[in-house]
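Engineer: Have a look at this one.
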Amino acid sequence: MPTMAIVGAGPNLGGAVARRFAREGFDIALISRDQSKLDALAAELGEEGITARGFAADVRDGGALEDALAAASAALGPITALQYSPLPSRDYLKPVLDLTPELALESLRFSALGLIHAVRAVLPGMREAGGGSIILINGGTSVKARHGFAGTSVAFPAESAYGEMLYDALADEPIRVCQMVIPGSIPKLQVENGIDGVADRIWTLQASDGEFREMLIPLEDGRE
């Protein structure tokens, strides 16, 4: 079976995406920092007949993230779908006048550098398998900076730029690179079918041959 790795997996969007991709025949690798929470989510999905396992790693530690993805591939099979969606720390949502170089660097490690490590870990397997998808999930500061959300306003655009370059560089290969921008808290956005509707949109986006970026809702309707 193909394997999907969700980096930043949690019980809400991560769980919904896991269920959506599992319906399409994917086993699920769940990656975040807390092994106990991953194990709980994997057990919950397992009760629904979904093959899922957790692999703990902090995305700010590139080597640990690559090791977790390698372990997931060894345990479940080649990763042919990667969702990079770790939830930013509240520290990255501080005003720009409180942004230090150290915090900016940490936010870049969390977003852009973590994604680069993840892609380098899974891309050879996707090529060997003959295809795959790389999905970025970002907030609205990926396309419009906000001075009250300084860390993500610095790091999300860098992550987006890397993703868009991948989209161009892999255009002639059967590897889809795409970004879903979610400009606000999903429960507050009143998306049709709620979080399951968002998961459906993510599935459709990565399965299409469209543009790199899709907005879940218009940016002006969101809050971040």
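The values are calculated or read from the model by the stated rules, or taken from the named source; none is laboratory data. This structure is a prediction, so every number in the text was calculated from the model and none was measured. No Cβ is skipped: glycine too gets one built from the backbone with ideal geometry, and neighbour counts run over all protein chains shown.
Engineer: Working carefully through the options 108, 115, 136, find the one that is touching a strand residue (DSSP E or B) at 6+ places or on another chain (Cβ under 9 Å), modelled with pLDDT of 95 or more and assigned to a helix (DSSP H, G or I).
Structural biologist: Step by step, each of 108, 115, 136 is checked, and only 115 is touching a strand residue (DSSP E or B) at 6+ places or on another chain (Cβ under 9 Å), modelled with pLDDT of 95 or more and assigned to a helix (DSSP H, G or I).
Engineer: Now, a different point. Give me a count of the residues in segment 52-68 that are among the charged types (D, E, K, R) and either assigned to a loop (DSSP other than H, G, I, E, B) or touching a Gly at 6+ places or on another chain (Cβ under 6 Å) (or both).
Structural biologist: 3
Listed here are the residues, each with its yes/no results for (1) in contact with a Leu (Cβ under 9 Å, 6 or more places away or on another chain); (2) in contact (Cβ under 8 Å) with a residue 40 or more places away in the chain; (3) assigned to a strand (DSSP E or B).
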site	(1), (2), (3)
9	yes, yes, no
17	no, yes, no
24	no, yes, no
31	yes, yes, yes
50	no, no, no
70	no, yes, no
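Engineer: Still on this structure, please answer the following. Residue 75 fails exactly one of the following numbered conditions: (1) within 25 Å of residue 149 (Cβ to Cβ); (2) surrounded by fewer than 18 Cβ atoms within 10 Å (Cβ to Cβ). What is the number of that condition?
Structural biologist: Every condition holds for residue 75 apart from (1).
Engineer: If I go through segment 109-135 residue by residue, how many of them are under 12 Å from residue 2 (Cα atoms) and among the small types (Gly, Ala, Ser)?
Structural biologist: Final tally of qualifying residues: 6.
Engineer: Could you tell me whether any residue of segment 132-148 is over 14 Å from the mean Cα position of the chain (by Cα), hydroxyl-bearing (Ser, Thr, Tyr) and either crowded, with 23+ Cβ neighbours inside 10 Å or on the phi > 0 side of the Ramachandran plot (or both)?
Structural biologist: Initial filter on segment 132-148 (over 14 Å from the mean Cα position of the chain (by Cα)): 132, 140-141, 143-148.
Remaining after also requiring hydroxyl-bearing (Ser, Thr, Tyr): 141.
Now restrict to residues that are either crowded, with 23+ Cβ neighbours inside 10 Å or on the phi > 0 side of the Ramachandran plot (or both): 141.
Yes: one or more hits.
Engineer: Can you find a residue that is closer than 25 Å to residue 177 by Cβ and more than 18 Å from the chain's Cα centre (by Cα) anywhere in segment 24-36?
Structural biologist: There is at least one residue in segment 24-36 that is closer than 25 Å to residue 177 by Cβ and more than 18 Å from the chain's Cα centre (by Cα).
Engineer: Considering only segment 117-124, I want to know if a residue exists there that is under 28 Å from residue 73 (Cβ atoms) and surrounded by fewer than 18 Cβ atoms within 10 Å (Cβ to Cβ).
Structural biologist: Yes; the residues of segment 117-124 include at least one that is under 28 Å from residue 73 (Cβ atoms) and surrounded by fewer than 18 Cβ atoms within 10 Å (Cβ to Cβ).
Engineer: Inspect segment 126-135 for any residue being of a type in the set (S, T, N, Q) and under 15 Å from residue 86 (Cβ atoms) and give the result as yes or no.
Structural biologist: So far as segment 126-135 goes, no, none of its residues is of a type in the set (S, T, N, Q) and under 15 Å from residue 86 (Cβ atoms).
Engineer: Taking the conditions exactly as written (surrounded by fewer than 18 Cβ atoms within 10 Å (Cβ to Cβ) and at pLDDT 95 or above), does residue 169 satisfy them or not?
Structural biologist: So residue 169 fits the description; yes.
Engineer: Okay, moving on. Being touching a Phe, Trp or Tyr at 6+ places or on another chain (Cβ under 7 Å) and not acidic (Asp, Glu) is true for just one of 115, 170. Which residue is that?
Structural biologist: 115
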